[in-house]
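Here the structure comes first, spelled out in structure tokens, and everything after it is commentary.
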Amino acid sequence: MLARRNIFVVGLESFNLEMLRAVRHADRYDFLPLLSYEEISAATRFDLEALLNKARGILRDFLGTIDAVVGFWDFPTVLMMPILRKEFGLRGPSLESVLRCEHKFWARLLQAEVVPDEVPTFALVDPFDPGSAESVGLDFPFWLKPIKAHSSILGFRISDMQDLENALAETRDGIHRFSEPMDVIMGYADLPDKIRAIGGAWCIAETIISNGRQCTLEGYVFNGDVDIYGIVDSIRGPNRSSLERYEYPSSLPRKVQARMIASAKAVIEHAGLDDTPFNMEFFYDRARDAISLLEVNVRISKSHSPIFDKVEGVPHNEVMLDVALGKRPDYPARHGRFRYAAKFMPRLYGFHDEWRVRNVPGDSRRKEIERAFPGSEIQLYVSEGMRLGEMNHRDPYSYELAAVFTGAKSRRGLKREFAALWKAVGLTFEKGAP
């Protein structure tokens, strides 16, 4: 009889525990929490050393074998894991290789060395420099983003000088949530002098590459071999910024997919990344027949897990586990219930911080709706009477109200299922004072 493997999961919570338990051979694994979701994702401030020390204590006090540390959250989880894995002798990528992908400025420098035609023009920006607005040196419009954050927080589309001034002011007010832990993490890494000189509060400005169709390649590196096992389309909303749904499998032409896969392999190999899952976002501009690289994330996309499960019969969390345990993944599985699957992200657009949410279905009503639409799951990000300004799931332009996962036999069927389901959810909004 095979010994059970003890797998510590950073930020483990109920939804992703369900995905982990759906992998093949899950009966051989014990999934153990390592820090809470509130500590590593929802916190308003990250005391990185305190989080690392708490995680170290949990691991040291554990009486059994520690077989893997895994996680699917973005910052700071993705950059904490290499530190903990190294200290406890576990399989995984080096911190430096992860930073070569996740540190937005360093990543762009390296990407420009191997796929220069796919990288936008970019510039480093110190938001605390009084002359930063005049020295960016890029034509409008462009994006302004921290060198590391998550969920598009403090990411701004800059159309003119007033936009830039406003974005820099907002960045100065909020960047410490990310810059403080980033500075700590970079202190653990062996960095080139040019990168070490860049503080965690710095930003990157880059020309906009959002023309065309967006997609995400999901892949992994195992013993130096790079493999791409699925491509997910990302469909944006009417503001061309906020995501409205993910759809799998991709509808992009096969030749375009092949070009993206070749670029992804070149970037991952150049970064020296190994023994980890990753995902990489691209745009395809059909008019120019050009592909552009948006970003690399050294983790699986947890948002894609349920849609892989619906099509493949197994969530791609299995890839994350296999690589961490030293097993080459056998994926995709190809025995799912549906031919197509999607994650819908229904949004309210505009600035409505004072509005309150009404008619939010309770758990029993939500489960009733899910039963009426077989294969669906609903995660609501709002509660009855919540003021929209209190939401965590938002970007500068919209409020993300929920995540709705659906499967269907056709792409049109996905849209029909969601439209009917969301009507059944029936949220309304009470307008507040401006």
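Can you give the charge dipole size of the stretch 298-434 about its Cα centre, rounded to the nearest 20 debye, using +1 on the beta carbon of Lys and Arg and -1 on the beta carbon of Asp and Glu?
Charge dipole, the stretch 298-434, about its Cα centre: 600 debye, nearest 20.
Positive end of the charge dipole of the chain (Lys, Arg +1 and Asp, Glu -1 on Cβ, about the Cα centre): tell me which of 210, 222, 235 has its Cα farthest that way.
Towards the positive end, the residue furthest out is 235.
Relative contact order for the stretch 121-207: what is it in percent, counting Cα pairs under 8 Å that are at least 6 residues apart?
Here the relative contact order equals 47 percent.
Give, rounded to the nearest 20 debye, the magnitude of the charge dipole that the stretch 83-204 has about its Cα centre when Lys and Arg contribute +1 at Cβ and Asp and Glu contribute -1 at Cβ.
620
Given 0.36 nm per residue, what is the gain on full extension from residue 359 to residue 38 after removing their alpha carbon distance, in nm?
The residue 359-residue 38 span can extend by a further 112.9 nm.
Taking the Cβ of each residue in 428, 121 as the centre, tally the other Cβ atoms inside 10 Å and list the residues starting with the fewest.
Details: 428 9, 121 14.
The order, fewest Cβ neighbours first, is 428, 121.
Using DSSP to call loops (not H, G, I, E or B), can you name the chymotrypsin sites (Phe, Trp or Tyr not before Pro) in the stretch 282-382 whose Cβ has at most 10 other Cβ atoms within 10 angstrom?
Sites meeting the loop and neighbour criteria: none at all.
Using Cβ counts within 10 Å as a stand-in for footprinting exposure, how do 25, 335 rank, fewest first?
335, 25
Report, in whole Å, the centroid distance computed from the Cα atoms of the stretch 185-219 and the stretch 235-271.
18
Mind checking which lysines have their Cα closer than 23 Å to the Cα of residue 431? Skip sequence neighbours fewer than 8 apart in that chain.
The qualifying lysines are 423.
About the Cα centre of the chain, how large is the charge dipole given +1 on each Lys and Arg Cβ and -1 on each Asp and Glu Cβ? Please answer in debye to the nearest 20.
1880
May I ask you to list the trypsin sites (Lys or Arg not before Pro) in the stretch 1-70 that are in a DSSP loop and have at most 12 other Cβ atoms within 10 Å of their Cβ?
Answer in residue order: 45.
Arrange the following residues from fewest to most other Cβ atoms within 10 Å of their Cβ: 246, 397.
397, 246
Starting from the stretch 302-351, pick out the trypsin sites (Lys or Arg not before Pro) whose DSSP state is loop and whose Cβ has at most 11 other Cβ atoms within 10 Å.
When the trypsin sites (Lys or Arg not before Pro) of the stretch 302-351 are filtered for loop state and at most 11 Cβ neighbours within 10 Å, 334 remain.
Taking only Cα atoms and a 10 Å spring cutoff, compute GNM fluctuations for the chain and point out the largest among 149, 50, 112.
Maximum among the listed residues: 50.
Laboratory data are not the source of any read-out in this text; all were calculated from the coordinates shown. Note that the structure is a prediction, hence the values are computed from the model and not measured. With ideal geometry, Cβ positions are generated from the backbone for all residues, glycine too; neighbour counts draw on all protein chains shown.
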